[in-house]
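A.B. asks: Dumping the structure here so I can ask a few things about it.
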């Protein structure tokens, strides 16, 4: 089902560069294992959800991961570090340049495609996930933060529990 928000031609290359920088910081924090810093990219009432394309296209609320505040994101990372049991692995993000879908003076809707490679203990990288980020960003005193990030995974098939944010 196509998006009902029209893509618009970006006019502000400086804004696109700032959005791209935010996306790259996001990916690098996760890839480098600096997960405790990841929630700081969101506003206090920030929203983060990982879902599948089918669930998204059919307006299904179910998600593979859901955090409805920055505090919940911090709790998720704390649990990942101390309580969850999973095979150690890491990610490597490849993130496309962003496309601004809607924008006002300090609020923007953005779409960005991504590929995430997963590296298990064996050391062999594999494509773990592909999809798009659907973001609502806010400019606070010249710095961009996520108000909302919905991660829409292309595949319905996830071969393991997602413990690390995508």
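Values in this text are rule-based calculations from the coordinates and carry no lab data. Because the structure is predicted, anything quoted here is derived from the model rather than measured.
A.B. asks: If I take every Cα pair under 8 Å that is 6 or more residues apart in the chain, average their sequence separation and divide by the length, what percent do I get for the relative contact order?
C.D. replies: Numbers: 300 pairs, mean separation 41.8, N = 166.
Normalised by residue count, the contact order of the chain is 25 percent.
A.B. asks: Rounded to the nearest Å, what's the spacing between the alpha carbon centres of segment 87-128 and segment 132-156? Just the number, please.
C.D. replies: A separation of 11 Å, based on Cα centres.
A.B. asks: By how many degrees, 0 to 90 and rounded to 10, does the Cα axis of helix 13-31 deviate from the longest principal axis of the chain?
C.D. replies: Taking the Cα atoms of the chain, the angle to 13-31 is about 10 degrees.
A.B. asks: For segment 48-166, what is the convex hull volume of its Cα atoms per residue in Å³? Intermediate results must be reported in sequence, preceding the final value.
C.D. replies: Working: hull volume 14.7 nm³, N = 119.
In segment 48-166, the Cα convex hull volume per residue is 124 Å³.
A.B. asks: Considering the Cα trace of segment 95-137, what is its radius of gyration and what is Dmax, both in angstroms?
C.D. replies: In Å, with Rg to one decimal and Dmax whole: 14.6, 48.
A.B. asks: Between helix 70-82 and the chain, what is the angle of the helix's C-alpha long axis to the longest principal axis, kept within 0 to 90° and rounded to the nearest 10?
C.D. replies: With both axes taken from Cα atoms, the answer is about 20 degrees.
A.B. asks: What value, in deg cm²/dmol to 500, does the helix sum -39500 (n - 2.57) over DSSP H runs of n ≥ 4 give at 222 nm once divided by the residues of the chain? Write out the running numbers ahead of the final one.
C.D. replies: Details: 3 runs with 37 residues, N = 166.
Result for the chain, helices only: -7000 deg cm²/dmol.
A.B. asks: Another one. Any idea how far the Cα center of segment 16-31 sits from the one of segment 34-77, in Å?
C.D. replies: Between the Cα centre of segment 16-31 and that of segment 34-77, the gap is 17 Å.
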